[in-house]
1. Would you check which residues across region 30-52 are surrounded by fewer than 16 Cβ atoms within 10 Å (Cβ to Cβ) and either closer than 30 Å to E124 by Cα or in contact with an Asp or Glu (Cβ under 9 Å, 6 or more places away or on another chain) (or both) and list them?
2. In region 97-114, what count of residues is obtained for those that are more than 16 Å from the ligand (Cβ to nearest atom), surrounded by 11 or more Cβ atoms within 10 Å (Cβ to Cβ) and modelled with pLDDT of 95 or more?
3. Check region 74-88 and report whether any residue there is under 15 Å from the mean Cα position of the chain (by Cα) and either within 16 Å of the ligand (Cβ to nearest atom) or on the phi > 0 side of the Ramachandran plot (or both).
4. Restricting attention to region 86-96, and to residues there that are in contact (Cβ under 8 Å) with a residue 60 or more places away in the chain and either part of a strand (DSSP E or B) or outside the structural domain of R61 (by TED's automatic domain parsing) (or both), which single residue is surrounded by the most Cβ atoms within 10 Å (Cβ to Cβ)?
5. Within region 54-72, is even one residue surrounded by 14 or more Cβ atoms within 10 Å (Cβ to Cβ) and within 10 Å of the ligand (Cβ to nearest atom)?
6. Please specify each residue of region 45-74 satisfying the condition of being without any contact (Cβ under 8 Å) to a residue 24 or more places away in the chain, within 15 Å of P113 (Cα to Cα) and touching a Lys or Arg at 6+ places or on another chain (Cβ under 8 Å).
7. Please enumerate the residues belonging to region 26-45 that are within 16 Å of the ligand (Cβ to nearest atom), in a strand (DSSP E or B) and out of contact with any helix residue (DSSP H, G or I) (no Cβ under 9 Å at 6 or more places or on another chain).
8. Could you list all residues from region 1-25 that are modelled with pLDDT under 90 and touching a helix residue (DSSP H, G or I) at 6+ places or on another chain (Cβ under 6 Å)?
Amino acid sequence: MNVSWFFSFTFLLLIHKVSAQSVPVEGIIGQTVILPCSLKQRPQTVFWRYRDDRTVCDFLRGKADFSDQDEAYKGRVEIFSSEIEKGNFSIMLSNVKKSDEGTYTCIATNLIPLTVELTVKEREEKQTTTEREAKRITPTSTAPPNGESTRRANGLLTFLLGCALLYSLAF
Ligand SMILES: *[C@@H]1O[C@H](CO)[C@@H](O)[C@H](O)[C@H]1NC(C)=O
């Protein structure tokens, strides 16, 4: 494999990771998955979007509204009405499909949008040892997005990013 191609790819991947700061969530085909969105405030209006434009679910005046919902999500999204008053606008997506993979954004006025990165796996897929190893040594995938650990992870990513950039320029 071409080395410079590999490093350019790594570079792009890192840029994506650093800018997104999203919560990784893993779903399994045919099952349900919770997309978390817990806010400090309790806004009345919250929008859930897929890849920034498709409507997954809206909360208007504190109630779920499915009138603008994208066809792909019809009948597959449930909300937790008793959680709303706590500022928890998490939703549950059922019958998860491979095509559901991607970035979901939970948007509330005057608040920084929260993003969830959904990956979808086959049912009963056996985890290889390397995958498990990779998980253990990747701090960003398990660490909660709190200030200190995020900052430290950012420092490391920025460093790796610099290395990748230098490397890809050198070839
Ligand atoms: C929000 O609600 C969901 C669904 O009940 C729950 O799984 C999740 O733990 C809640 N999050 C918080 C931060 O309470």
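1. Within region 30-52, G30, Q31, T32, I34, P36, S38, R42, T45, R51 meet the criteria.
2. Of region 97-114, the ones more than 16 Å from the ligand (Cβ to nearest atom) are 97-103, 105, 107, 109-110, 112-113.
Applying the additional criterion that residues be surrounded by 11 or more Cβ atoms within 10 Å (Cβ to Cβ) yields 97-98, 100-103, 105, 107, 113.
If we keep only those that are modelled with pLDDT of 95 or more too, we end up with 97-98, 100-103, 105, 107.
Residues that pass the stated criteria total 8.
3. Of all residues in region 74-88, those under 15 Å from the mean Cα position of the chain (by Cα) come to none.
Within region 74-88, none of the residues are under 15 Å from the mean Cα position of the chain (by Cα) and either within 16 Å of the ligand (Cβ to nearest atom) or on the phi > 0 side of the Ramachandran plot (or both).
4. If we filter region 86-96 for residues that are in contact (Cβ under 8 Å) with a residue 60 or more places away in the chain, which is where we start, we get 92-96.
From what is left, the residues that are either part of a strand (DSSP E or B) or outside the structural domain of R61 (by TED's automatic domain parsing) (or both) are 92-93.
On the way: M92: 13, L93: 24.
Among them, the one singled out is L93.
5. The answer is no, given that none of the residues of region 54-72 is surrounded by 14 or more Cβ atoms within 10 Å (Cβ to Cβ) and within 10 Å of the ligand (Cβ to nearest atom).
6. Across region 45-74, the qualifying residue is only T55.
7. So in region 26-45, the residues within 16 Å of the ligand (Cβ to nearest atom) come out as 26-27, 31-43.
Next, from what is left, pick out any that are in a strand (DSSP E or B): 26-27, 33-35, 38.
Hits for region 26-45 are E26, I34, L35.
8. S4, F7, S8, T10, F11, L14, V18
The values are calculated or read from the model by the stated rules, or taken from the named source; none is laboratory data. Source: prediction; values computed, not measured. Heads up, the Cβs are rebuilt from the backbone with ideal geometry, glycines too, and the neighbour counts pull from every protein chain shown.
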